[in-house]
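Chemist: One structure, as structure tokens, below. Some questions next.
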Amino acid sequence: MKLANSLPVRNLKGKPVRTAVLLLLTTLLTLTVFGGTLMIISLKTGLHSLESRLGADIMVVPYEATTKSNLETIVLQGATGYFYMDNEKYQKIASCEGIGQISAQFFLASASSGCCSLSVQIIGFDPDTDFTITPWIKKSYAQNLQKFDIVVGNDLNAFVGDTLTFYGVDCHVAAKLDKTGTSFDTAVFTNSETIKALIQSSVDKNMNEFKNINPDAVVSCVLINVAEGYTVEEVLNDINIHVKKVKAIQTKDMISGVSDSLSGIADIISLLIAVVWIAGIIILLLAFTMSVNERKKEFAVLRMLGASQRKLAAMVMQEALLVCLLGSLLGIGLGLLILLPFNQLIEELLNLPFLLPSAGQMLTDTIAAVLVSVLSGGIAVSASAFRISRMDTALILRGEN
Amino acid sequence: MKKIMIPDVILCILSAVLCLGTKFGFHACGPKEDGGWMACHWAEQAVFGLGIVMLVLSIMMTFLLKDGKTKSGIALSLAGMAALALAVPNHLIMLCMMTDMRCHSVMKPAVMIISIFILGFSIAAYIFHRKEDSET
């Protein structure tokens, strides 16, 4: 109640238009800084999430697959698409020197189902040899997957216990994964036994691009971790030279495109934040200077009534800080209202891994944005407050200043 | 002269945005290849229907009615309908399978934000009209 009746608050209430304009300005500034920072953090969190799920040094795919424009997103992020190579290639790769861990994966894209017009990527792995997907799935589902058990990505509107039908085969949802910010969120994971049954069913129904393939005799890609004492380049070259019609790719190279795009977007956002913030401080500085000039006589009267120069400077400073605090809270509220519900749309528009940070990180970002906003307001008003503290009341009342 | 309250006018605008936006702006997923509709279409229809009723009620409250008690009753009903609109996408009526589909990424958040604002302004309108009624 004391604050509500204080002179700075009453001054702000007394000039609603001026207060509203200053409030709007600080709201927009905080929205830019908070929203921009949260975007950059989310992009970096998304990239980190993708990197942490790579798990393999080398990925081997059939040579024809390298002509697919979205190969990187199929194998790294779970976008829809599939290709196969003979199982004997897997055996040949496994016999190459320097192989530490090796595991095969199987891909299949589901046909459009009744509930949605988009197909889902189904990724199969061998539970006995897998070292990339299993550690991640174990965080959500500690047991071994049984035949026709599936684990669904976070963005699929299916829940544990539901039944999903792919190519006429009913699959039981055993677990739902944590969000990754990549296309893995809309993928389905299962063991090799189940995916082979699904591939067979797709072939039987004449819905597979690869006619007459034997699911037991093919794999989609091979993931490799290099053994100690060997370099990734050595093993990579060995596979590319000795195994025909396949392409071995270093996974780090595949992610570099995503990383470069992310870095470019993060730079643009950072530049935008800096420009808007500098422009904002200049506008606030001008706004406060004009406001103080307008109110010179008001300050002179207050001086005559006994207010010290220090008190007047403090009053102007308090008004500015109150506006900045309120504006920053509104800006943050608006930022959260846009970014939280529309994060899926932003991810689609950017076409990059996008994962909102944890609540703790978001709270830190919020506090930092409030501090930056209030501090900027303080800096912008400090010149005006200093001028008031040096003001000569007599000259102002005589109209000479 | 009849006094027009700002929250009432904002409610008219928001109801119109909800009603028209659901059909023409932030609509749900389009029809399937076979011409049939997905589950989210019915959520869109439900929100559209609620939006029409909210628009009619908010216009009545703003421009036609004079009694403070009636207006505060309408404001309360608008709040209830906003809560219902908030619950329609993916709660009362399920949306599509993947959350990166349009109904999840565009329609649901847009309906959610507008409904929250309508809820807030309805409560504000209720308070204003109660006050207006007690003053007369």
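Chemist: Among the candidates A:PHE184, A:PHE189, single out the residue that is in a helix (DSSP H, G or I), in contact (Cβ under 8 Å) with a residue 40 or more places away in the chain and closer than 22 Å to A:GLN143 by Cβ.
Modeler: Going through A:PHE184, A:PHE189 in turn, the sole match is A:PHE184.
Chemist: Working carefully through the options A:ILE93, A:ILE102, A:ILE123, find the one that is closer than 30 Å to A:ASN237 by Cβ, out of contact with any Phe, Trp or Tyr (no Cβ under 9 Å at 6 or more places or on another chain) and away from every other protein chain (no Cβ under 14 Å).
Modeler: When all the criteria are applied, what remains is A:ILE93.
Chemist: Now, a different point. When you go through (1) out of contact with any helix residue (DSSP H, G or I) (no Cβ under 8 Å at 6 or more places or on another chain); (2) within 14 Å of chain B (Cβ to nearest Cβ); (3) buried (at least 19 other Cβ atoms within 10 Å of the Cβ) one by one for A:ASN343, which number turns out not to apply?
Modeler: The single condition A:ASN343 does not satisfy is (1).
Chemist: Something else: Filtering region A:112-131 down to residues that are over 26 Å from the mean Cα position of the chain (by Cα) and of a type in the set (A, V, I, L, M, F, W, C), which residue is modelled with the lowest pLDDT?
Modeler: My answer is A:CYS115.
Chemist: Then there is this: Can you say whether B:LEU95 is at pLDDT 95 or above and either of a type in the set (D, E, K, R) or closer than 17 Å to B:THR22 by Cβ (or both), as far as the supplied structure shows?
Modeler: Considered against the rule, which asks whether it is at pLDDT 95 or above and either of a type in the set (D, E, K, R) or closer than 17 Å to B:THR22 by Cβ (or both), B:LEU95 comes out as no.
Chemist: Continuing with the same structure: So which of A:LEU108, A:LEU145 ends up being buried (at least 20 other Cβ atoms within 10 Å of the Cβ), modelled with pLDDT under 90, assigned to a loop (DSSP other than H, G, I, E, B) and not assigned by TED's automatic domain parsing to the domain that holds A:PRO341?
Modeler: Of A:LEU108, A:LEU145, the one residue that is buried (at least 20 other Cβ atoms within 10 Å of the Cβ), modelled with pLDDT under 90, assigned to a loop (DSSP other than H, G, I, E, B) and not assigned by TED's automatic domain parsing to the domain that holds A:PRO341 is A:LEU145.
Chemist: Checking the conditions here, which among A:GLY333, A:GLY360 is modelled with pLDDT of 85 or more, assigned to a helix (DSSP H, G or I), within 14 Å of chain B (Cβ to nearest Cβ) and surrounded by fewer than 17 Cβ atoms within 10 Å (Cβ to Cβ)?
Modeler: Residue meeting the stated conditions: A:GLY333.
Chemist: (1) within 28 Å of the chain's Cα centre (by Cα); (2) surrounded by fewer than 21 Cβ atoms within 10 Å (Cβ to Cβ); (3) over 25 Å from A:GLU51 (Cβ atoms): which one isn't true of A:THR134, the others all being true?
Modeler: Going through (1) within 28 Å of the chain's Cα centre (by Cα); (2) surrounded by fewer than 21 Cβ atoms within 10 Å (Cβ to Cβ); (3) over 25 Å from A:GLU51 (Cβ atoms) one by one, A:THR134 breaks only (3).
Chemist: Something else: Output yes when any residue across region B:114-134 is in contact (Cβ under 8 Å) with a residue 24 or more places away in the chain and in contact with a Cys (Cβ under 9 Å, 6 or more places away or on another chain), and no when none is.
Modeler: no
Chemist: Tell me, please, whether a residue that is among the small types (Gly, Ala, Ser) and part of a loop (DSSP other than H, G, I, E, B) can be found in region A:120-138.
Modeler: No, every residue in region A:120-138 fails to be among the small types (Gly, Ala, Ser) and part of a loop (DSSP other than H, G, I, E, B).
Chemist: Can you tell me which residues in region B:87-136 are among the charged types (D, E, K, R) and within 7 Å of chain A (Cβ to nearest Cβ)?
Modeler: B:ASP100
Chemist: Now for a separate question. Which of the residues that make up region B:71-93 are over 16 Å from B:HIS104 (Cβ atoms) and among the hydrophobic types (A, V, I, L, M, F, W, C)?
Modeler: If the condition is that a residue be over 16 Å from B:HIS104 (Cβ atoms) and among the hydrophobic types (A, V, I, L, M, F, W, C), then B:ILE74, B:ALA75, B:LEU76, B:LEU78, B:ALA79, B:MET81, B:ALA82, B:ALA83, B:LEU84, B:ALA85 are the ones that fit.
Chemist: Could you please tell me which pairs satisfy a Cβ distance under 6 Å, a separation of 6+ or placement on different chains, a first residue in region B:90-107 that is under 13 Å from A:ASP155 (Cα atoms), and a second residue that is at pLDDT 85 or above and surrounded by fewer than 20 Cβ atoms within 10 Å (Cβ to Cβ)?
Modeler: Going by the 6 Å Cβ cut-off, the qualifying pairs are B:SER105/A:LEU345.
Chemist: In this structure, does B:GLY80 turn out to be within 11 Å of the chain's Cα centre (by Cα), more than 14 Å from chain A (Cβ to nearest Cβ), surrounded by fewer than 20 Cβ atoms within 10 Å (Cβ to Cβ) and of a type in the set (Gly, Ala, Ser)?
Modeler: Judged against the criteria, B:GLY80 is a match.
Chemist: Okay, moving on. Which of the residues spanning region A:148-157 are assigned to a loop (DSSP other than H, G, I, E, B), within 14 Å of chain B (Cβ to nearest Cβ) and either surrounded by 18 or more Cβ atoms within 10 Å (Cβ to Cβ) or not polar (S, T, N, Q) (or both)?
Modeler: A:GLY153, A:ASP155, A:ASN157
Chemist: Out of all the residues in region B:1-37, which are crowded, with 22+ Cβ neighbours inside 10 Å and either within 12 Å of chain A (Cβ to nearest Cβ) or outside any helix (DSSP H, G or I) (or both)?
Modeler: Across region B:1-37, the qualifying residues are B:PHE26, B:ALA28, B:CYS29.
Chemist: Would you call B:SER58 within 15 Å of the chain's Cα centre (by Cα), more than 10 Å from chain A (Cβ to nearest Cβ) and closer than 17 Å to B:LYS3 by Cα?
Modeler: yes
The values are calculated or read from the model by the stated rules, or taken from the named source; none is laboratory data. Predicted model, so just to flag it, every value in this text is computed and none were measured. Cβ coordinates were reconstructed from backbone atoms using ideal geometry, including for glycine residues, and neighbour counts include every protein chain displayed.
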